[in-house]
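What follows is a set of notes on a single structure, which appears directly below.
The values are calculated or read from the model by the stated rules, or taken from the named source; none is laboratory data. Please read all numbers here as calculations on a predicted model, not as lab measurements. All Cβ positions, even for glycine, are placed from backbone atoms using ideal geometry, and neighbour counts span all protein chains on display. Quick note on the areas: whole protein, heavy atoms, side chains included, nothing else; ligands and nucleic acids left out. Shrake-Rupley method; radii C 1.70, N 1.55, O 1.52, S 1.80 Å.
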Amino acid sequence: MTLAELCSDIAQFFTAQLSAAPVAPGSLSSLDGAINSAANCLIAQGETTVGEWSSHRDPTATDPTEGETGYQRRTVGADPVWMLDRGSPTGIVEFVTRVGDWNATLLVLEPATRNGILSNADTDAASRFLVETTTKLTALPNE
């Protein structure tokens, strides 16, 4: 999987599920390379970042919340997801998970979504998307 493929999938999720259109994927690093131990994608509407993905492989970093409190725990299948609604004024909702040796975070800026606030269906979809995408990363070769 390349970074471009991952970022495109994330942009598609923002468009199809959250109705945050038009969006474009980007990254702080080259989109051409294969993902090996980390990935970061930015999702933007014009000049405004409306979402972000960050993930990294680390067998020792077992707490994706990094010790921060306030997260609500949920599960997708057998995999845990923690959600933190950062509320006003940022409107950022953060989803984090750990699947295999990968920790991943998906940030969603609610004002950019269909209704300006995530519904229960949206938070469920974001949790599933996070776990499914992180699961794909666990299949990548360990370099």
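Assorted remarks:
- Structural descriptor for the chain: relative contact order 21 percent, calculated from alpha carbon pairs under 8 angstrom and at least 6 residues apart.
- Other residues within the sphere of radius under 14 Å centred on the Cβ of Leu18, judged by their own Cβ, net out at -3 (K and R +1, D and E -1).
- The protection proxy used here, the mean number of other Cβ atoms lying within 10 Å of each residue, ranks peptides 10-19, 94-103, 27-36, 109-118 as follows, highest first: 94-103, 10-19, 109-118, 27-36.
- Share of carbon and sulfur in the accessible heavy-atom surface of the range 22-120 [1.4 Å probe, %]: 50
- Extent along principal axes [Cα atoms of the range 82-143; Å; largest to smallest]: 40, 20, 17
- Heavy-atom surface of the chain, accessible at 1.4 Å and reported per residue (Å²): 50
- Semi-axes of the equivalent ellipsoid for the chain, computed as √(5λ) from the eigenvalues of its C-alpha gyration tensor and ordered from largest down, come to 22, 19, 13 Å.
- The shape of the range 16-55 comes out prolate: with a ≥ b ≥ c from the C-alpha gyration tensor, a/c is at least 1.5 and a/b beats b/c.
- The range 1-71: GluC sites (Glu not before Pro) in DSSP coil with no more than 14 other Cβ atoms inside 10 Å: Glu47, Glu66, Glu68
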